[in-house]
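The values are calculated or read from the model by the stated rules, or taken from the named source; none is laboratory data. All of these numbers come straight from a predicted model, not from anything done at the bench. Neighbour counts run over all protein chains shown; Cβ positions are idealised from the backbone, glycine included.
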Amino acid sequence: MQMSEKLGVHHTSIRTWIKLHANPSSMKKLKEWTPEAKLEAIIKTATMSENELGEFLRTNDLHSTEINQWKKDIYSAQKSAGRPKLDPELVELRAKEKELSKDLKRKNRALAEMSARVILLKKIRLLFGETEDDK
């Protein structure tokens, strides 16, 4: 509020500008936050009013975008519990196995057909003897 009065700009304009253009990662950090501390901060700030939140952020040298980013990180970690992506090498090997299996079945059918023909030819030779084509 002091800065908005000092600059003669409405405080919501300043907040909007900070939200759009400020890079919280470039701001000076006094301490590193552990995941547990981040979660605790998110829980604490969830029920705070805007004034209490501002005071909390100032005392802990934080920015509201950092809290929002931490929330997004937690939500995205929870949402990833779905069907895991398969290893591309595994997908390729499964496709190759399927292709080889299909090829093997085709060859087995062809072999069975040829075996049946050979057996039929032998039976014909036994029944009728040698044919003129064989001589």
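What to note about this one:
- Among the residues here, Leu127 does not qualify as part of a helix (DSSP H, G or I) and surrounded by 10 or more Cβ atoms within 10 Å (Cβ to Cβ).
- Taking first residues from region 39-58 that are without any contact (Cβ under 8 Å) to a residue 40 or more places away in the chain and partners that are part of a loop (DSSP other than H, G, I, E, B) and surrounded by 12 or more Cβ atoms within 10 Å (Cβ to Cβ), the Cβ contacts under 8 Å between residues at least 6 apart in sequence or on separate chains come to Ala41/Trp33; Ala41/Asn60; Ala41/Leu62; Phe56/Met48; Phe56/Leu62; Leu57/His63.
- Of all residues in region 1-60 being in contact with a His (Cβ under 9 Å, 6 or more places away or on another chain) and assigned to a helix (DSSP H, G or I), the one that is modelled with the lowest pLDDT: Pro24
- Pair list, Cβ under 9 Å, 6 or more apart: region 1-21 residue touching a residue at least 12 places away in the same chain (Cβ under 8 Å), other residue of a type outside the set (A, V, I, L, M, F, W, C): Ile18/His63; Ile18/Ser64; Ile18/Thr65; Lys19/Ser64; Lys19/Thr65
- Test for Arg83: is it more than 17 Å from the chain's Cα centre (by Cα) and of a type outside the set (A, V, I, L, M): no
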